[in-house]
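What follows is calculated from the coordinates using simple rules that are stated; it is not laboratory data. As the structure is a prediction and not an experimental result, all values here were calculated from the model. Note that each Cβ is placed from the backbone with ideal geometry, even for glycine, and that neighbours are counted across all protein chains shown.
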Ligand code: UP5
Ligand code: MG
């Protein structure tokens with residue numbers, strides 16, 4: 001079990017909304033540890049001996065959401081390892097999760113009582129901006145899903161599966177929305193004032 005109750009912020013938004021970029025900036029100034037579910041899945045895909053490599057690869061290419069058992073184990077392990085190394089590190093930005101009902105149910109079943117969910121940081125921008133950013137990044141990212149075909153599916157999945165999760169938290173008053181269509185520093189200025197207010 002986890003020694004101390006982790007404090008969690010879920011970071012959500014469309015593909016390419018800037019979740020990773022903003023999380024990197026947050027950890028420079030605030031005592032949060034950034035855990036990207038997508039990065040953890042990509043690392044697991046590349047890990048020698050992983051039994052899930054193939055499955056993860058095909059889900060990511062198709063823009064589909066990996067079964068929660070896999071993702072939540074990776075998240076839990078990363079949280080436990082972080083807290084074991086440094087007891088002061090109990091604040092987490094969980095980036096790109098939960099993305100659908102399966103993710104949400106998995107979290108609620110396995111982690112809700114183990115962690116305090118503080119709020120959801122929602123990076124809001126248009127689908128077109130999302131697509132343009134990912135295509136631009138695709139010129140050099142090497143990501144198997146930064147192409148038009150995968151992006152179409154990622155956007156579809158986002159609209160069909162992830163937006164309803166955000167709306168659900170919205171109804172509980174848990175969502176803090178930032179306009180993510182502006183440049184990186186403008187977005188971060190809003191993020192900062194929001195985090196300063198939340199304490
Ligand atoms: N950029 C960033 N901010 C900008 C700004 N304000 N102005 C101009 N440009 C900006 O940014 C994307 C690009 O835009 C970069 O080139 C950046 O420089 C630029 P980034 O910060 O990387 O955006 P982010 O929102 O993190 O985009 P990402 O592509 O990571 O979003 P996704 O949510 O699609 O990707 P993720 O890695 O989370 O998931 C990938 C796949 O993994 C999913 O499709 C799914 O198949 C799988 N997955 C699961 O199955 N389960 C999970 O729980 C999580 C992922
Ligand atoms: Mg990301």
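In this entry, residue 80 is excluded by the filter for residues that are in contact (Cβ under 8 Å) with a residue 12 or more places away in the chain, within 21 Å of residue 198 (Cβ to Cβ) and surrounded by fewer than 16 Cβ atoms within 10 Å (Cβ to Cβ). Might you let me know whether the stretch 22-31 holds any residue that is buried (at least 18 other Cβ atoms within 10 Å of the Cβ) and either free of Cβ contacts under 8 Å to residues at least 40 places away in the same chain or near ligand 1 (Cβ under 8 Å from one of its atoms) (or both)? Yes, the conditions are met somewhere in the stretch 22-31. Considering only residues that are in a helix (DSSP H, G or I) and either more than 14 Å from the chain's Cα centre (by Cα) or within 15 Å of ligand 2 (Cβ to nearest atom) (or both), look in the stretch 83-108 and name the one that is surrounded by the most Cβ atoms within 10 Å (Cβ to Cβ). In this case the residue turns out to be 106. Any residue at all in the stretch 120-133 that's away from ligand 2 (no atom under 16 Å from the Cβ) and more than 26 Å from residue 178 (Cα to Cα)? Looking for residues that are away from ligand 2 (no atom under 16 Å from the Cβ) and more than 26 Å from residue 178 (Cα to Cα), one finds none in the stretch 120-133, hence no. Output the residue which, of all residues in the stretch 1-20 that are out of contact with any helix residue (DSSP H, G or I) (no Cβ under 6 Å at 6 or more places or on another chain) and outside any loop (DSSP other than H, G, I, E, B), is surrounded by the fewest Cβ atoms within 10 Å (Cβ to Cβ). Step by step, filter the stretch 1-20, then rank; the result is 7.
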